[in-house]
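Heads up, the thing below is written out as structure tokens.
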Amino acid sequence: MNQPNHLIQKMQQGDEKAFADIYQMYSGAIQGVIYAILRDRELTEEVVQDVFVKVWNNCSSYTVGKGRFYTWLLNIARNAAIDRTRSKDFKNSNKNLATENFVDILSGHDNLSKKMDALGIRKFVEALKPICIQIIDLLYFKGFTQVEAAKEMNSPLGTLKTRARNCINELRNKVKDDTV
């Protein structure tokens, strides 16, 4: 996804049309990331709306030169989804989930591929080592904390953190150089 700097600047000046264009550009990918964490369509739609309200209200805190807009947006979305999973209402409503809710998690790779496609990074992630694909899936698409991911992978926390950092750097280099 190309960074829409002109739209971001217009949005920061209060242009609602620019905001609507940004919503159109990113809402599908953000919805996929949030759904991967919440596993509930209705809640996902609610959180997507909350995320874009936060984006509109806090767009002045984003600086074009400090990083990619999508990364800023993705962090807001992941945090909102994870916050929702930690809420008392969410925990109570999900105590007796049916197995259908876990089908995508168990089948994993196809679901990850769809999400990566929506983000435009599928070819880059798939070019990584299997351990990197697993780490990125857990941390960025399934919403695991580093502690949870370390437990899931039977790995010490420090090792997971180092691997995650190395994998993200490798992914960043592949995207930057478009070496795939």
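Treating only the Cα positions of region 1-96 as identical point scatterers, give the base-10 log of I(q)/I(0) from the Debye formula at each q in 0.16, 0.21, 0.25 Å⁻¹. For the requested q values the scattering log ratios are -0.65, -1.00, -1.31. Placing +1 on each Lys and Arg Cβ and -1 on each Asp and Glu Cβ, with no other charges, gives region 1-96 a dipole about its Cα centre of roughly 400 debye.
3J(HN,Hα) along region 170-177: 5, 4, 4, 5, 5, 5, 4, 8 Hz, from the Karplus curve 6.51 cos²θ - 1.76 cosθ + 1.60 with θ = phi - 60°, whole Hz, x for Gly and Pro. With a threshold of 20 Å on the Cα-Cα distance, the over-threshold entries among K129/K161; K123/K176; K54/K151; K10/K176; K123/K161 are K54/K151; K10/K176; K123/K161.
Protection proxy ranking of 6-15, 21-30, by the mean of other Cβ atoms within 10 Å over each peptide's residues and highest first, is 21-30, 6-15. Computed from the Cβ-Cβ distance with R0 of 25 Å, the FRET efficiency linking N173 to R122 stands at 0.90. Annotation for S60 and K161: the two label points, set 7 Å from Cα along the Cα-Cβ direction, are 3.5 nm apart.
No lab work stands behind these numbers, since they all come straight from the coordinates. This structure is a prediction, so every number in the text was calculated from the model and none was measured. Backbone-built Cβ (ideal geometry, glycine too); neighbour counts: all protein chains shown.
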